[in-house]
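Notes follow the structure.
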Amino acid sequence: MKRLLPLLLSIALCLLAGCTHSSDTIRVYMPDGAPSIALAHTMHDDCIEGVEYHVVSPTTIVSTVSGGDPLADVCILPINSAVKLLGEGDTYRLLGTVTHGNLYLLGYTDEVINLGNISSLIGERIGVLQLNAVPGLTLKAILTDLSIPYNEVSVGSIDRPDSINLQNIDASMVGMLEGVNYYLLAEPAVSVKCSIPSLSLRVVGSLQDMYGENGYPQAVIVAKGSILSNHSSLSKVRQIVSGIDSGVEWAKQNTSLTAEAISSHLPDDYTPSIRANFLTPDTIDRCNVRYIPAERNSLNAFLTKLNFVSTTPWGYISEDFIYSL
């Protein structure tokens, strides 16, 4: 009892002070979807002492690295957001790329759309997930390289017959829009939509194949510089990163456990995008998850394309931002 009282007092003082985690705890945040598959095995095994995992909505992931005292010690987020918000290297350092493109064109026909015939979509309207973020900007970059005109439209506006018309959508709108015969969507939502018989949608094209170069850097992993400067914490970050590639193979062999590991780290009131009955080894393959250490020239080559077609400049990666594990 004598030993218990100081412990209880310590817990009480911590709660009064607003503490929610140990100062030695490394908090890892990732968006729901393909990036969370990268760490599903690590989350399932929970074998790295002092590391806690949080899966959040893609719409809120940026908030975990924002502000004066950001929540995330380690975070997976889109490359454009990472560079724009964190690229000075003051708080976070860039470790590497985690996903390399999981965007697919869905349609109602069996015709495969590729670089050779994508111009056949001129006059069509494509519903594009996140038109002004990485998905839409990557499509725009591909069309620009091919000198194919595109036109941004909205509900009720008139399509241009001399352009590919692009409408911003969210995943809930896929297959539900009149006059839209093609959609650009990300895995694992692609597999969910294609499994709904009433929608009659199928994968007709891969943005990764059209881009070439074995895909493009879509989501990256960053860590606080203060974490990396601590020997013990750095060792844990290395363990987290080293588990990504082997974790993909584990996920393909354990799809139910993968879905369970991800959902168990989501907020209680959040509906996961990854569900066991829709997750297959093929779906995981199409998520294009693999770890590649950050390399400035290749990353900036992709950012150059995004910056050219974006109304908002995202910036470029400096050497000071990159950290070599």
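Working note: Cα atoms of the range 234-325, range along each principal axis, descending, whole Å: 40, 36, 28. Dividing the summed helix terms, -39500 (n - 2.57) for each DSSP H run of n ≥ 4, by the number of residues in the chain produces a 222 nm estimate of -9500 deg cm²/dmol to the nearest 500. Residue order by solvent-accessible surface for 66, 324 is 324, 66, largest first, with ligands and nucleic acids left out and a 1.4 Å probe.
Taking 7 Å along the Cα-to-C-beta vector as the label spot, tell me the residue 117-residue 160 distance in nanometres, rounded to one decimal. Inter-label distance under the simple model: 2.5 nm. Once Rh is set to the Kirkwood radius over Cα pairs, what Stokes-Einstein translational diffusion coefficient, in µm²/s, holds for the range 176-273 at a temperature of 25 °C and a viscosity of 0.890 mPa s? Roughly 141 µm²/s, to the nearest whole number. Annotation: per residue accessible area for the range 189-325 equals 48 Å², rounded to a whole number [probe 1.4 Å, protein chains only].
Could you tell me the calculated FRET efficiency between residue 177 and residue 110, based on Cβ-Cβ distance and R0 = 25 angstrom, to the nearest 0.05? Write down the numbers at each step before the final one.
On the way: r = 21 Å, r/R0 = 0.84.
It comes out at approximately 0.75.
Listed options for Kirkwood radius over Cα pairs in Å are [x] 20.9; [y] 20.2; [z] 24.1. The value calculated from this structure is the one marked [x]. The average projected area of the range 121-250, computed from the convex hull of its Cα atoms over all directions, is 10.9 nm². Accessible area of residue 234 (1.4 Å probe, protein heavy atoms only, ligands and nucleic acids ignored): about 20 Å².
By the Kirkwood approach, averaging reciprocal distances over each pair of separate Cα atoms, the range 44-201 gets a hydrodynamic radius of 17.9 Å. Entry note, the chain: relative contact order of 30 percent, from Cα contacts under 8 Å with a spacing of 6+ residues.
For the chain, how many pairs of lysine residues have a Cα-Cα distance under 21 Å, where the two are 8 or more positions apart or belong to different chains? Don't skip to the answer; put the middle values down first.
Details: 84/140; 84/224; 84/305; 140/305; 193/252; 224/236.
Value for the chain: 6.
Where both residues lie in the chain, what percent of DSSP beta bridges are antiparallel, nearest 5?
Details: 23 of 44 bridges.
If we restrict to bridges inside the chain, about 50 percent are antiparallel.
Which whole-number percent is the relative contact order of the range 187-305 (Cα, under 8 Å, 6+ apart)?
Working: 68 pairs, mean separation 39.8, N = 119.
This gives 33 percent for the range 187-305.
For the listed peptides 209-218, 180-189, a ranking on the average number of other beta carbons within 10 Å per residue, highest first, reads 180-189, 209-218. The share of accessible area on the chain that comes from carbon and sulfur is 53 percent, using a 1.4 angstrom probe. Derived from the Cα gyration tensor, the three semi-axes of the equivalent ellipsoid of the range 41-83 are 22, 12, 9 Å, largest first.
The values are calculated or read from the model by the stated rules, or taken from the named source; none is laboratory data. Small disclaimer: the values here were computed from a predicted structure and weren't measured. Quick reminder, even Gly has a Cβ in these numbers, built from the backbone with ideal geometry, and neighbours come from all protein chains shown. Areas reflect the complete protein model, heavy atoms only, side chains present, ligands, DNA and RNA absent. Shrake-Rupley method; radii C 1.70, N 1.55, O 1.52, S 1.80 Å.
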